[in-house]
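To start, the structure itself, in structure tokens.
The values are calculated or read from the model by the stated rules, or taken from the named source; none is laboratory data. Treat the numbers as computed from the prediction; the structure is a model and nothing was measured. For neighbour counting, all protein chains shown are included, and Cβ atoms are generated from backbone atoms with ideal geometry for every residue, glycine included. Quick note on the areas: whole protein, heavy atoms, side chains included, nothing else; ligands and nucleic acids left out. Shrake-Rupley method; radii C 1.70, N 1.55, O 1.52, S 1.80 Å.
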Amino acid sequence: LYSINNEQMTKTQVVVLEHPSASFWYESHLKTLVVGSYTSNLPRNLSESISDGMISSENMGRGNASSPTVSFPIAVMSMKTLFFRGDSPTFQTLPTFAVGTLREKTVEDKGNTPSPQARDGSDNVTSDDRSNVEENIIFPTEVSLFNFYGSIYCVEIGSLGNGHGIGLTELDSDSSCIRVRQHRIENLSMNSESVSVGAIDNLLCIISRENKVTHFIDVADIFSDDRRVPHESIQVSELAEGDVSIYDEKISFLAPSYFLNTEDQGLLYQVGISLPLVVKSAPPTSCIIPFLLRRKASKDTIRSFVMERFSAAIEARDLSSLRQWLGVITKQYASNARAAKWDYESTISLLSKSSLVGLDRTADVNTASTVGEVMLPDSSCVETVTQTEMLQMILLPHAMAAVNDRNSEKLRFVSTLSVHYLIELERLFLIPCVALEMLVITLLLKAGEQDELTSFLSARETQRTITRRRRQLDLPTNNRLYSENPGAAAFAETLFLIATNSETEPPSSIKKQLISLGTVILIECGSTSVAVKCLLTADQISEAIALCSKRSKANKDTAEVKSMGSQAKDFFRVAAKTAKGQKESDRCKSFYHLHCFLKQYDPTCFSLDKRKVKVSRMEDKNKSAFRKDISTVIVEQSVLAHEIRFPDELFSSPQYCRKFRSMFGYAESVK
């Protein structure tokens, strides 16, 4: 090893190799040097027999029963790896590995083996040997060294059988180890004269002039243990720049990513990846979402391809492929804690849209466009599809389109897809964001999946109860309480909105479950006053009174309790509204219980107060034609009576009516 400085070359270190070197490869960015040396691949006893003349090369080629037939390569290339750090002369080495070990003799190969005279007394193969077995051994031109995603890979062309494979060896300096993968490409000529290998946008490109085809291989997928990720190459049949094809004889490939046109004065082309062409060439069921996310194109461009891919699968109702895609996406998402943290806060703004309430059915919903401006996370999440993006780009557009078109079949399909996505997240101990959970509830309700929605809501309440109980007992749990999720209170209020909205019209049993879950979440979040207000909005007067009574017992300061909750007139208004659907006996009980509650909750509402009240004079027969029909008088009655009218029409018995008016402080003479 030499150091060149100030036009002087100084020897800094000598590296002793086990075998004579045949070639070397250098990657400048990570300063990696790989030195290859030919060595014999024959078993030691067979190699010694050949050297001693016990087995001749002629007998080995016959393949009879008495003589062994050698189908494996007689010589391989031993590879020594050296990693350099900065300007330091020291280096790091990796375990030696071999390339060319899985090749087989071709039909034309006669089984020639190196002669004893051509050997140097060791297992090394000399240049004379290589000339005899050139169709069986690896050549330096069939080996390349590339930098993919910041890691070094040694690439061997024609590594399997008769030359239909690609051998990939990852050289991991951090772990001081190597990882090997073999990739088979059928019906592709691996003749080194017609095949060029390059690296473009972290993709291994294999250009075959003879077959007029280019294969793109992503090493991240090849080395992935997830079988749902495609391990096959993406094959593109024709790549051209204007009228010039890259497969023309006048076009020469210059590794790693240039083409030289030797015609006339010559033109040099720098090669880039055409994502539309690559996506079009990939099978429609192939999960290339991670492949797309790793490309260097703009985020908007990549996200548009992801949307198109998902939209095509949804329109084809290909649930099997979509499930695999979601499994791959959530696995990547689980490895990025920053993306999950960003999701919990960003999806709160999507709650109202996830409820699918108040949609304009006259407007056209374009499934190729996003719901609102896509909120993109920072660069640390660029290779991850977040829950926010899944909602904005895929689930919400198709759900809205199905609702607007009244397409029940598509609505059920999107509902099934959303449920599966939520299950995949929870299977990896991830917390679904509130907007996704809201969309699942809404879709199940609109799709008429009442049994499944009932089970879903029951499971949510049960899970919350178990988690809270384990926390009280200081037992470990991977689940989180709703109060620990951003947007939990807004989620609960949206549950009340769905339960009381005329568009959704949930059955009474599901409405009860939605209200119960929303109430539990609000109480857990410390928003008891909001829970009471929501219960009154949902006409749940009994539940609201019970919750306030429980709160009053815990907090003796009634003024503070009243300031944090609803007013007495709110309870009275809801009681009067719900009483319309009751029998008169039940009405009497309800108003009696309300009176007892208000005496504890807000005694000041029964305080007498003199205020001006407008009274109708329509029944005065002696009135003048010029007098007004309404006059103003001063009436002394309770504060509550001044703020809300008493529903006299609810009581057919004058006795009951006068009694309840008196109980709540209403003046009998006021009409």
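Considering the stretch 339-364 alone, what residues qualify as being open to solvent by less than 50 Å² (accessible area, probe 1.4 Å), under 18 Å from Val403 (Cα atoms) and modelled with pLDDT under 85?
Val357, Leu359, Ala363
Taking the stretch 588-610 on its own, how many of its residues are more than 21 Å from Ala667 (Cβ to Cβ), open to solvent by less than 50 Å² (accessible area, probe 1.4 Å) and either charged (D, E, K, R) or at pLDDT below 90 (or both)?
Looking only at that region, the number is 1.
Out of the residues in the stretch 489-512 that are crowded, with 20+ Cβ neighbours inside 10 Å and either touching a Pro at 6+ places or on another chain (Cβ under 6 Å) or of a type in the set (Gly, Ala, Ser) (or both), state the one that is modelled with the lowest pLDDT.
Ala489
Considering Lys280, Lys299, which residue is surrounded by fewer than 17 Cβ atoms within 10 Å (Cβ to Cβ) and under 16 Å from the mean Cα position of the chain (by Cα)?
Lys299
May I ask you to say which residue of Arg427, Arg464, Arg460 is basic (Lys, Arg) and either under 20 Å from the mean Cα position of the chain (by Cα) or under 22 Å from Gln332 (Cα atoms) (or both)?
Arg427
From (1) modelled with pLDDT under 85; (2) surrounded by 15 or more Cβ atoms within 10 Å (Cβ to Cβ); (3) under 22 Å from Ser37 (Cβ atoms), pick out the condition that doesn't hold for Pro116.
Of (1) modelled with pLDDT under 85; (2) surrounded by 15 or more Cβ atoms within 10 Å (Cβ to Cβ); (3) under 22 Å from Ser37 (Cβ atoms), only one is false for Pro116: (2).
Any residue that is assigned to a loop (DSSP other than H, G, I, E, B), under 22 Å from Asp586 (Cα atoms) and charged (D, E, K, R) - is there at least one of those in the stretch 634-646?
Yes, the stretch 634-646 contains a residue that is assigned to a loop (DSSP other than H, G, I, E, B), under 22 Å from Asp586 (Cα atoms) and charged (D, E, K, R).
Restricting the first residue to the stretch 427-441 and requiring it to be closer than 16 Å to Thr477 by Cβ, which pairs with a second residue that is open to solvent by less than 20 Å² (accessible area, probe 1.4 Å) and hydrophobic (A, V, I, L, M, F, W, C) meet a Cβ separation below 8 Å and a spacing of at least six or different chains?
Pairs that qualify, where the first residue is closer than 16 Å to Thr477 by Cβ and the partner is open to solvent by less than 20 Å² (accessible area, probe 1.4 Å) and hydrophobic (A, V, I, L, M, F, W, C), are Leu430/Ala340; Ile431/Ala340; Ile431/Leu425.
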